[in-house]
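The values are calculated or read from the model by the stated rules, or taken from the named source; none is laboratory data. Just so you know, these numbers come straight off a predicted model, no measurement behind them. So basically every Cβ, Gly included, is an ideal-geometry build from the backbone, and we count neighbours across all protein chains shown. Remember, those area values only see protein heavy atoms, side chains included, never the ligands or the DNA or RNA. Shrake-Rupley method; radii C 1.70, N 1.55, O 1.52, S 1.80 Å.
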Amino acid sequence: MSDIRKVAVLGTGVLGSQIAFQTAYSGLDVTDYDISEEALEQARQRFAMLVETYGKEVAGADDGKAVESLQRITLSADLGSAVGDADLVIEAVPEVLAIKQALYEKLAGLAPGSTIFATNSSTLLPSDLKAFAC
């Protein structure tokens, strides 16, 4: 199995932002995707709050590691560029089956064939998305 180096997180809401930040904090390059510049601006604000929170609550994060994590995060409103070279895609969009299905239909033609897909769904079955990711 190859190493995961580039991660795309789809969705910049509360969970998506936290997933993206923790992934970057762990040393991986992350592209965090959302559908609008407004959503991306809100993500920037969440990341600033996460830097502050990590600095106060995570051992070792106050030495600059939390701030450095921001340098590994790219924000994008272009799905193709977000997933085009991703080793791992973590989907964290709203818990609406139709939204998730439409997203997976698009992903099938944009991400490399070797990309690993994960969903952050807590109320929907991943099997409900399987047919849309082919």
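Total lysine pairs in the chain at Cα distances under 29 Å, for residues eight or more apart or on different chains: 8. Database remark: amide H of Thr74 closer than 5 angstrom to the amide H of Val30, Thr31, Asp32 (H placed geometrically; neighbours at sequence offset of 5 or more, or on other chains; Pro and chain starts carry no H). Long hydrophobic helices in the chain, taken as whole DSSP H segments with a C-alpha length of 27 Å or more on their own axis and mean Kyte-Doolittle hydropathy at least -1.0: 37-57. For the chain, the relative contact order works out to 28 percent when only alpha carbon pairs closer than 8 Å and six or more residues apart are counted.
Taking Cβ atoms as reference points and 11 Å as the exclusive limit, the residues near Tyr25 contribute a net charge of +1, counting Lys and Arg as +1 and Asp and Glu as -1. Among the protein heavy atoms of the chain, carbon and sulfur supply 54% of the accessible surface, probe 1.4 Å, non-protein parts ignored. Near Val83: Cβ cut-off under 12 Å, other residues only, Lys/Arg at +1 and Asp/Glu at -1. The net charge is -3.
Normalised Debye scattering of the chain at q = 0.18 Å⁻¹ gives log10 I(q)/I(0) of -0.96, counting only Cα atoms as equal scatterers and leaving out solvent.
Taking every protein chain into account, the accessible area of the chain amounts to 55 square angstrom per residue (probe 1.4 Å).
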